[in-house]
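For reference, the structure discussed in these notes is given below.
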Amino acid sequence: MRCLTLALALLAGPALAQDTDLELVLLADASGSITANELMFQREGYAQAMTDPEVLAVIGNTAYGHIAVTYVEWAANQGQVVKWMRIANREDAAVFADSLLTSPRMAFGRNAIGRALLTGKALIERNDLDGWRRVIDFSGDSAGNFSGPGIEQARDAVVASGITINALPILRDAGRYPGLAQTYKDRVIGGNGAFVVAAHSRADFAEAVKRKLILEISGTMPGQQVVTRR
């Protein structure tokens, strides 16, 4: 019996990766500049966007009718708040949103953007998914990088592996970080059709996330690399 079981296992071969239209890593800022209230505000923005009917309609119109998403908070360390899951419908999106809104903070300390980008790369390369497209969706309110690999070095490694990086700068402190959208364009984004969508205020954040998700999921890139909303 043991021989038969072994023979069947060998015939079955290795488990095949699950096909999906898009592998999407949501990398959200949880560094020291982000208070507990701001952290939850960001999570609420992503939860609201992912459950939005327009976003779900775009997901339904992809080649496979679903995408794979993970939500990761970054600071000096990175924490995978919502592990990889496939989202195809309203029920899936609700599970994502509930997990996002009920999980504890998982990243602390000062910025390590380069390390965060490489973490996103590793999460894509080590999962059991096979997406047509692979994207890291990076958001933050500064461009500091106080430990780990350099930002450009990490970006180049990610892009060389065939992964696109898009960015959402949170432009709440123009005096401290002037030109943050342009900085993210120059130093963070890269890959096929990479772009920046900027959020100028708390009121604008959820709408900016929604717009960015629609562009990423549909594969429709904006006419310019930096898109601002006021």
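Residues of the stretch 192-214 that are open to solvent by 20 Å² or more (accessible area, probe 1.4 Å), at negative phi and modelled with pLDDT of 90 or more: Asn192, Glu207, Lys210, Arg211, Ile214.
Of the residues screened, Phe96 is not one that is at pLDDT below 95, part of a helix (DSSP H, G or I) and within 26 Å of Asp141 (Cα to Cα). Once the stretch 79-97 is narrowed to residues that are out of contact with any helix residue (DSSP H, G or I) (no Cβ under 8 Å at 6 or more places or on another chain) and among the charged types (D, E, K, R), the residue that is surrounded by the most Cβ atoms within 10 Å (Cβ to Cβ) is Asp92. Which residue is modelled with the lowest pLDDT, if the candidates are limited to the stretch 142-159 and must be in contact with a strand residue (DSSP E or B) (Cβ under 8 Å, 6 or more places away or on another chain) and open to solvent by 10 Å² or more (accessible area, probe 1.4 Å)? Within the stretch 142-159, the match that is modelled with the lowest pLDDT is Phe146. Under the condition of being part of a helix (DSSP H, G or I) and over 20 Å from Ala198 (Cβ atoms), which residue from the stretch 33-49 is most open to solvent (accessible area, probe 1.4 Å)? Per the stated criteria, the residue is Asn37.
I need a count of the residues in the stretch 100-137 that are open to solvent by 40 Å² or more (accessible area, probe 1.4 Å) and in a helix (DSSP H, G or I).
We begin by selecting, within the stretch 100-137, every residue open to solvent by 40 Å² or more (accessible area, probe 1.4 Å); these are 101-102, 104-106, 108, 110, 115, 118, 121, 125-126, 128, 130, 132-134.
Adding the requirement that they be in a helix (DSSP H, G or I) leaves 101-102, 115, 118, 121, 125.
The total comes to 6.
Taken together, the residues in the stretch 57-91 that are over 21 Å from Asn145 (Cα atoms), within 17 Å of the chain's Cα centre (by Cα) and among the acidic types (Asp, Glu) amount to 0. The set of residues in the stretch 14-29 that are modelled with pLDDT under 90 and under 22 Å from Phe205 (Cβ atoms) contains only Asp29.
Here's the yes/no breakdown for (1) polar (S, T, N, Q); (2) in contact (Cβ under 8 Å) with a residue 40 or more places away in the chain; (3) closer than 18 Å to Leu22 by Cβ:
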residue	(1), (2), (3)
Trp84	no, yes, yes
Lys121	no, yes, yes
Ile124	no, yes, yes
Asn127	yes, yes, yes
Trp132	no, yes, yes
Ile151	no, no, no
Asp156	no, no, no
Ser161	yes, yes, yes
Leu168	no, yes, yes
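Residue count for the stretch 65-78 satisfying the condition of being closer than 16 Å to Glu216 by Cβ and either modelled with pLDDT under 95 or buried (at least 22 other Cβ atoms within 10 Å of the Cβ) (or both): 5.
The values are calculated or read from the model by the stated rules, or taken from the named source; none is laboratory data. None of the values given here were measured: they were computed from a predicted structure. Virtual Cβ from ideal backbone geometry, glycine too; neighbours counted across all protein chains shown. Protein only, heavy atoms only, side chains kept; ligands, DNA and RNA dropped before computing areas. Shrake-Rupley method; radii C 1.70, N 1.55, O 1.52, S 1.80 Å.
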